[in-house]
1. Using 0.36 nm per residue of separation minus the Cα-Cα distance, give me the extension gain between E111 and E531 in nm, one decimal.
2. Please list F325, F109 in order of solvent-accessible area, largest first, computed with a 1.4 Å probe with all protein chains present.
3. How would you rank 110-116, 395-401, highest first, on the average number of other Cβ atoms within 10 Å across their residues?
4. Taking the mean number of other Cβ atoms within 10 Å as a proxy for protection, how do you rank 151-158, 344-351, 470-477 from highest to lowest?
5. Could you tell me what fraction of 2.2 N^0.38 Å the Cα radius of gyration of the range 333-450 comes to, as a two-decimal ratio?
6. Sorting check: for 301-307, 254-260, which peptide has the highest mean count of neighbouring beta carbons within 10 Å, and how do the rest follow?
7. P(r) for the range 382-470, please, calculated from all Cα pair distances in 10 Å bins and given in %.
8. Would you work out the relative contact order for the range 396-511, in percent, from Cα pairs under 8 angstrom that are 6 or more residues apart?
Amino acid sequence: MEISSFPFPVIPTTTTSEFDLIQSPFPFPFPPPPSSSSSGAFPVSQSFYPALEDMEGLGEGDGGGIRFSRRMMTGDDDGDGEDRKRVYFGEGGGGGGSELKEILTSLAFLEEEERQDREEYVLDFDRERSEMEANRRRGMLEMGSYREALDGHYEAVSEMEEAKVKRVRRSAGAAAAAAVVVAEDSAGSSGTTTGTAARRLWVKDRSKDWWERLSSPDYPEEEFKRELRMSRATFEMICEELDSSITKKNTMLRDAIPVRQRVAVCIWRLATGEPLRLVSKRFGLGISTCHKLVLEVCSAIKNVLMPKFLQWPEEGRMAEIKGQFESVSGIKNIGGAMYTTHVLIIAPKIRVAEYYNKRHTERNQKTSYSITVQGVVDERGVFTDICIGWPGSMSDENVLEKSALFQRAGRGLLQDVWIVGGAGYPLMDWILVPYTQRNLTWSQHAFNEKVNAVRGVAREAFARLKGRWACLQKRTEVKLQDLPVVLGACCILHNICEMRGETVEPGTRFDIFDDELVAENGVRSAAAMQERDRIAHNLLHYGLAGTSFL
């Protein structure tokens with residue numbers, strides 16, 4: 001057999017006859033294979049040494065190569081009486097390879113045992129991990145079942161408690177009704193009234209001294225106007241208009257709140273912007289009752305008073321408005337001035353980014369959220385159109401596109417009518433805005449002055465609106481879905497006060513500071529641009545701009 005077929009590396013030959021002893025550092029648990037030179041050795045199957053037979057006869061012949069020899073050392077050589085084995089490598093033939101066979105066999109068995117140990121470890125690890133995962137899933141299922149059972153138990157207990165409370169209330173109500181009937185019968189026979197004393201058991205005793213003084217005819221007119229932002233006559237007129245829609249009937253247990261007190265709760269809340277806790281203290285009513293009254297009265301104002309006091313003017317009235325604005329500006333066919341303001345709100349729970357007001361946040365250094373109020377006013381500052389409720393992140397141009405006024409103009413109902421707005425609105429066939437470019441000519445500068453004078457009417461109207469109703473000056477606590485009705489009621493009450501000549505106290509004046517950004521699409525009509533240039537030319541050259549030349 002050739003040397004190249006060996007399963008182990010070829011050991012170089014040497015001429016030296018003997019080498020130092022080579023010993024394996026590994027302990028071998030297996031006995032050495034059987035040998036013909038040693039008698040009485042432990043028998044080992046030849047299947048454990050598949051390559052030993054092929055190794056026999058190596059080194060024989062003239063080729064040399066590897067020589068395996070074993071020398072038995074007796075006690076005569078070293079004096080210790082033990083046998084020592086040595087393996088020599090060199091030239092020549094003869095000798096067996098039992099020691100090398102023993103080393104190779106032991107290494108093979110160690111590798112096989114290590115591989116089996118690794119496989120068993122991996123299998124054990126996978127099995128334990130699977131068991132832990134199964135236990136975790138089983139625990140989660142059991143915990144979910146326990147939580148569902150616990151929730152069901154609490155729901156059942158809550159239902160039992162509610163049913164118990166309802167039974168107690170029904171029993172108490174029946175007993176109170178019986179007591180009232182008996183008291184009224186006894187009062188009828190004795191001439192005394194005890195029904196009020198019986199009802200006090202179910203109504204918290206709150207002081208109504210402030211409201212009784214305010215509603216008294218002897219209360220000073222100036223103080224009354226300072227509290228409700230309107231005269232007593234205007235207040236009585238509003239109560240008469242709303243009487244049929246907000247009147248409530250008395251019940252067996254309590255008397256209904258009078259109409260005048262209901263209206264006063266709403267107006268005082270809008271005028272002062274005070275929290276419901278203070279409103280409750282002033283009028284001697286519950287907090288929830290005051291909140292309910294404010295929403296009910298605002299809804300009645302919208303349904304009953306809006307058709308009478310906030311409508312787009314008819315042709316006759318529109319002609320009067322055009323004449324008044326022409327006398328102020330020298331521009332014909334102006335039917336109204338438009339302005340958009342913002343009302344601060346609490347951050348909503350949904351779509352919060354849409355209500356984020358970047359301009360107010362940068363000015364106040366405080367995160368602000370708002371909704372918009374767009375309004376068109378006549379020459380007196382009375383609103384003829386309003387659009388309320390769009391998010392504060394929208395520009396004036398976008399709010400205009402969402403309004404009913406824009407839809408009315410799209411249907412052709414605003415022909416021969418100019419609505420004057422600021423730079424935040426686009427120039428259209430029915431909207432007149434100032435020039436926004438730099439380096440204005442004399443005629444353009446004169447035109448801007450007249451347009452700003454008309455636009456100032458709308459700005460002053462919004463200043464009086466927020467001055468009268470202080471609830472618009474700070475962040476409101478009204479829910480977002482109820483806020484348009486409340487703001488609409490403020491605009492309607494503003495119109496009533498303006499029409500009846502109610503003035504705003506100097507101490508309640510509010511300065512408007514809404515920023516205006518130039519519209520992205522500033523010019524949407526070429527015909528409107530030519531008409532604006534013609535108006536500017538006439539204002540300057542016909543002496544309508546208040547500028548004279550020598």
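1. 141.1 nm
2. F109, F325
3. In decreasing order of mean packing, 110-116, 395-401 become 395-401, 110-116.
4. On the way: 151-158: 9.9, 344-351: 13.1, 470-477: 16.6.
Descending packing order for the listed peptides: 470-477, 344-351, 151-158.
5. 1.19
6. On the way: 301-307: 17.4, 254-260: 14.7.
Listed from highest to lowest mean packing, they are 301-307, 254-260.
7. The distribution over the range 382-470 is 14, 42, 34, 10, 0, given as percents.
8. 18 percent
The values are calculated or read from the model by the stated rules, or taken from the named source; none is laboratory data. Quick caveat, the model's predicted, so the values are computed rather than measured. Cβ sites come from the backbone with ideal geometry, for glycine too, and all protein chains shown count toward neighbours. When the accessible area is computed, the model is the full protein with side chains, heavy atoms only, and any ligands, DNA or RNA have been set aside. Shrake-Rupley method; radii C 1.70, N 1.55, O 1.52, S 1.80 Å.
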